[in-house]
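See structure below.
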Amino acid sequence: MAGNSNLHDSAKNKQDEFYTQLSLVESELKHYRQHFKDKIVLCNCDDPYESNFFKYFAMNFNSLGLKKLITTCYVSSPVTGKEFQYYVGKGGQLTFIPTETPVISDSDRHPYKVEITEVTDENGDGRIDLSDVEYLMRNRKNTMTLLDGDGDFRSPECIELLQQADIVVTNPPFSLFREYMELLERFQKKYIIIGNMNAVTYKEIFPLIAQNRLWLGYNSGHFWFKVPDTYEEKKTDFKIDETGQKWRRMGNICWFTNVDIEKRHENMTLFRNYTPEAYPKYDNYDAINVDRTVDIPCDYYGVMGVPITFLSQYSPEQFEIVAFRKGNDGKDLVYSFTESSHSLNVERERRTTVRPYFRILIRRIQTKHRTM
């Protein structure tokens, strides 16, 4: 699968610079708007102004009713300062450069944070847009300030900002997803973040899902992300647009959140009927195998092994999660079936063993859902 291959390449090579399109941010966050009122939002894996997370919250600061927006960048970011340019002058003061000036050198870039507590119509054109945010950053003291460290989300000053926040919204590096989630859990933060669905198989992540402390958001699938100029070109799922911008398509992308949303309380409509022939039982666990989420039977109340894509439609009122992947013997789930073939009018039987790649063991909650 190309998407999974891309993820493994990313983790191996630390090529974690995937910049989320504004349309993807908007299509997900529109479902959470009521959760942002009077809240401090932190985007701590982003580049202020260049990040579409920053742009979304800055442009919608007033309509969302935010209390504060905090965004940080890190020292090795390849894009910070490309759209909003600055350099560090004498005494460590930030000096801003006109937009039309050629892009500054890497040595002139430094990690910084942006803290916004209000967005007003700075240029008097009757609307709030990015030009107002840029004016605010250039002219309001203390809106944009340098960081003492490297801007890494694990640094002491970034952790201090995390402790201030009510909700964290960002696209953390895929290769550091475990560490990022550990921080969010340690400080008990609300979050809406992008990751790869295969992260649900991590031993640090799956227990959170099973305990209903983490669930999937609204959007999932294959999405295109901007990548920096230094990104290595690939044969598949890679393109360069007419402006020279490089793009990479990543598979199995989804949103992870612990913010309550309507979607997780919507039951799936089930219409398949159970038959022993269609749903083989595992050899080492008392459960049936279901290859596709859409094939979950409506009339079976025992334990079922389903693919991880089930989580995109999981409702804790309809199902309970029993376990992940392992049979009673502690090994991967396996099931066997008999194949019959006809050759020269002779019938032969062949017994085949199948090992499902990833399976989540679930059970229907009978008292709450009996929809056909």
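The values are calculated or read from the model by the stated rules, or taken from the named source; none is laboratory data. Please read all numbers here as calculations on a predicted model, not as lab measurements. Cβ atoms come from the backbone with ideal geometry, glycine included; neighbour counts cover every protein chain shown. The accessibility values were calculated without ligands, DNA or RNA, using every heavy atom of the protein model including side chains. Shrake-Rupley method; radii C 1.70, N 1.55, O 1.52, S 1.80 Å.
General observations
- Residue that is farthest from Thr20 (Cα to Cα) [pool: residues in region 248-279 that are open to solvent by 30 Å² or more (accessible area, probe 1.4 Å) and under 24 Å from the mean Cα position of the chain (by Cα)]: Asn267
- Residues of region 174-214 that are of a type in the set (Phe, Trp, Tyr), open to solvent by less than 30 Å² (accessible area, probe 1.4 Å) and more than 21 Å from Phe54 (Cα to Cα): Phe206 alone.
- Residue in region 88-97 that is touching a strand residue (DSSP E or B) at 6+ places or on another chain (Cβ under 8 Å), modelled with pLDDT under 90, under 18 Å from Thr143 (Cβ atoms) and crowded, with 18+ Cβ neighbours inside 10 Å present: no
- Annotation: of all residues in region 14-35 being open to solvent by less than 30 Å² (accessible area, probe 1.4 Å) and touching a helix residue (DSSP H, G or I) at 6+ places or on another chain (Cβ under 7 Å), the one that is modelled with the highest pLDDT is Leu29.
- Checking region 341-360 against the condition returns no match, with no residue being farther than 22 Å from Ser220 by Cα and at pLDDT 90 or above.
- Any hit, region 283-293, residues being closer than 30 Å to Tyr32 by Cα and touching a residue at least 24 places away in the same chain (Cβ under 8 Å): yes
- Arg140, sole failed condition from (1) out of contact with any helix residue (DSSP H, G or I) (no Cβ under 8 Å at 6 or more places or on another chain); (2) modelled with pLDDT of 80 or more: (2)
- Which numbered condition Phe153 fails, given (1) assigned to a loop (DSSP other than H, G, I, E, B); (2) hydrophobic (A, V, I, L, M, F, W, C); (3) in contact with a Ser or Thr (Cβ under 7 Å, 6 or more places away or on another chain): (3)
- For region 215-227, the set of residues classified as open to solvent by less than 10 Å² (accessible area, probe 1.4 Å) and either touching a Pro at 6+ places or on another chain (Cβ under 9 Å) or more than 27 Å from Ala323 (Cβ to Cβ) (or both) consists of Phe225, Val227, listed by residue number.
- The strands (runs of 3 or more DSSP E) found wholly in region 214-316 and carrying at least 1 residues that are within 17 Å of Pro356 (Cα to Cα) occupy 303-306.
- Top-ranked residue in region 154-198 [being among the small types (Gly, Ala, Ser) and at pLDDT below 95; ranked as nearest to the chain's Cα centre (by Cα)]: Gly195
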